[in-house]
1. With the other protein chains left in place, how much accessible area per residue, in square angstrom, belongs to region 412-566 at a 1.4 angstrom probe?
2. Run down the lysines and flag those whose C-alpha is under 20 Å from the C-alpha of residue 591, throwing out any fewer than 8 positions away in its chain.
3. Extension gain residue 366-residue 690, at 0.36 nm per residue separation less the Cα-Cα distance, in nm?
4. Please work out how much length the chain gains when fully extended from residue 404 to residue 785, using 0.36 nm per residue of separation minus the C-alpha to C-alpha distance, in nm with one decimal.
5. What helices does the chain hold that run 30 Å or longer along their axis, going by alpha-carbon atoms, with a Kyte-Doolittle average of 0.5 or more, using DSSP H for the helix calls?
6. How much of the accessible area of the chain, in percent, comes from carbon and sulfur atoms when a 1.4 Å probe is used?
7. Once label points are set 7 Å from the Cα along Cα→Cβ at both residue 80 and residue 584, what is their separation, rounded to one decimal in nm?
8. Ranked highest first by average number of other Cβ atoms within 10 Å, how do 267-275, 644-652, 564-572, 717-725 line up?
Amino acid sequence: MTAVLGVAAVVTVAIGEYVDTGAIVVILVLNAVFGFVQEHRAEQAMDALRRLTGTTARVVRDGALREIASVELVPGDVVELAAGDVVPADLRLLDVRGLRVDEAALTGESEPAAKTVVWVGTDDVPALGERTTIAYKGTAVTYGRARGVVVATGMDTEFGRIAQLLQTAGITTTPLQRRLAVLGRRTAAAALVVVATVFTIGVASGEPADDMFLTAVSLAVAAIPEGLPAVVTVALALGARRMATRHALVRKLAAVETLGSVTVICSDKTGTLTENRMSVELAWTPAGSYRITGDGYAPDGSVTGPDDAARDEHLRRAAAVAAACNDAVLHPPDSERSEWTLTGDPTEGALLAFASRVGVEPAAFVRRNPRRAEIAFDATRRLMTTVHETADGTWIAVKGALSALAPLARAEDAALLADAERAADRMTRDGYRVLALADRVRSEPTTGIRLDDAERDLRLLGIVGIADPPRAAARSALAVAQGAGIRTVMITGDDPRTAAAIAERLGISEHGRAVTGAQLGTMTDAQLAAQVHEIAVYARTDPAQKLRIVDAWQSRGDVVAMTGDGVNDAPALQRADIGVAMGITGTDVSKEASDMVLADDNYATIVGAVEEGRRIYDNIRRFVRYLLTTNTGEILIMFVAPLVGLPLPLLPLQILWVNLVTDGLPAVALGLEPAEPDTMARPPRAPDESILAHGLWQHAIWVGALMAAVVIPLQAISRAADWPWQTMVFTTVAFLQLGHALAVRSERESFFRLGVGSNPWLTGAVLVSVVAQLATTYLEPLQRVFDTEALDAPQLLVVLVASTTVFVAVELEKRVRRRRVSSGV
């Protein structure tokens, strides 16, 4: 289309239509700008990656601790880490003191990873999130201290591998770009045939060669919908503006329509389908089980306590441990924050919220029972212990894994431990992270307590199930997507049991099974492509595997949307047909690699954007239908008239006027048509479907032929009656097209059912075009320009009656289509 527009610009200069020339040049410049922006995206992503990894490091050299730029590190250097540091290179940890590292940007894991110096996994090569003895470049230390040796720098680090994937991921063309490219080639070919044919026939019938040349060129300009790129750009820009009001920020205009073509959404779990906040949802105590809600708590199932007060006392004891054995701080809303905020570990924040909901106010409790000593959490021990001074002596609070706490429990709690293990198994199967809570009361003061003796004879108080809860709107949005024929696939770096449980709760997967990155690694590309439609959940995946999943879906012909927030998601975001980054939790790298950013990190926003994308595509089809039909009508009128012995019906300037005024304004207004009620009840379009599919090109031909069948007899009759036939033809062609614009607002619904108020822009565009056309007929200065004459009342009435034929015919076509649909034909 760009090449055709360049030729059209030269032609319009040659025939003196400088307004058209200016419009075409503006379109060409816009296309060039959009192309530059698209091709520059990969470099922007790389720049963001460089900014993210530009850190300093504390390194031991020559026996002294020094601070150097991280780019100066070499393998073998020994680096020290502390809370708040960004890891400067990939490190093999040598010494760990309670180290926890936020690896979400790299692995997608929502929970900070606890690190150790001892490998406790299997002999298989573990996923990134399971490598507890390695700290990765670019991740952030949230707790503790450590010392490690550099094992990889630069492009050899895990971040470096992602940079390599970004360079090779490439940028895909959108379905709309491919469809418009095909339409442009076909239209250009048709225009060349029209020019040659009309010129040859005109000259052969005795018309002057120079007049026929101008006529043929004018008709070629009319045949090519040179306004289509501009109208598409306007429609997409307006769509992007509407999406912004729905929290979807578009970085690439073509992405607006691409969303309407999506058949598969590969979605991250944390923050997109879930709320990205850890929350205690279940609690078990020796007196019974509870479900914890935002408003408080309630018994869940059978309970064994003697009465409500006794049962609740058990729960409050467990909550007291959750509040005291804790290093996090919750900050209430204030003048600067509208919501609660957390400083510290998300799991510990969940325990503080749990304590508050049960009735134990954490800050007040710790003030009454101040902490005097502690044993920090360690990934090997999997326990944390705090020692508190009380009015009666010493109170010891312990939290950690049930399997680590069980050997330290009182002998009389053996039966309770068996019950707790069964409850923990149920919670784990349902995707919850389980923590056990225990305490010990001593009569001596805290100064007499030895820390190495604190963690024994513990009283088991209960266990809690912690999860990142699904977003309230996610399940309904998933149902809407399913009804629209869109498949949702969860890809996460989280634990497979957690991922499968969340997927089952949301309705993504019925069987509650997740394929892990390790299992994916055993599949060939061909095996994955054959099985990908059967897999709904992927867990513990790495960046290259996410690329493979996207490629597998695309190899089946699907249009894939990929969501993500981490650096590890960037290659897949760039490879997907549309990459969707998270605006709140997303890294700069993921945003630069994406086509769209969600301002609220919400899956439901994606579904709303899909609806907007479908509406935009429907509107593009509307004005393509309108432009091709009117252009077909003009071509047939100019082609057939000389064949039946009539003079050329329209002058070159009249053709350009119809093409500019009566085609232009209504076409733009059709791009503002609101969504039809069944927009999200239809399946996605086939990725290889032509923009002319579903009867569009047939409609253009038969309605164009109808226009010719109306205009040519009108020309012959009015010419025989010695009426101003050329003015009548000129006005009839214009009004026929305006009537068609009103009729094609919907491919199914009647104009009268839609009403004139639902799209006031189209109503206004038609009225302006009518007034402009009548001005060329009745205003003397314009009569001289367009070689027209004023029509009297009978002549104008004939024009108006003839002009209604297309509107009536298209309304009848839609009525037949509705009857066929209702009868199931």
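1. 41 Å²
2. 137, 252, 269, 546
3. Working it through step by step, the gained length comes to 109.8 nm.
4. Full extension from residue 404 to residue 785 adds 127.8 nm.
5. Answer set is 18-39, 175-204, 696-720.
6. Numbers: 19940 of 34050 Å².
C and S fraction of accessible area: 59 percent.
7. 3.8 nm
8. Descending packing order for the listed peptides: 564-572, 267-275, 644-652, 717-725.
The values are calculated or read from the model by the stated rules, or taken from the named source; none is laboratory data. Since the model is a prediction, treat every value here as computed from it, not as a measurement. Because the Cβ atoms are built from the backbone with ideal geometry, glycine has one as well, and the counts that use them run over all protein chains shown. Areas reflect the complete protein model, heavy atoms only, side chains present, ligands, DNA and RNA absent. Shrake-Rupley method; radii C 1.70, N 1.55, O 1.52, S 1.80 Å.
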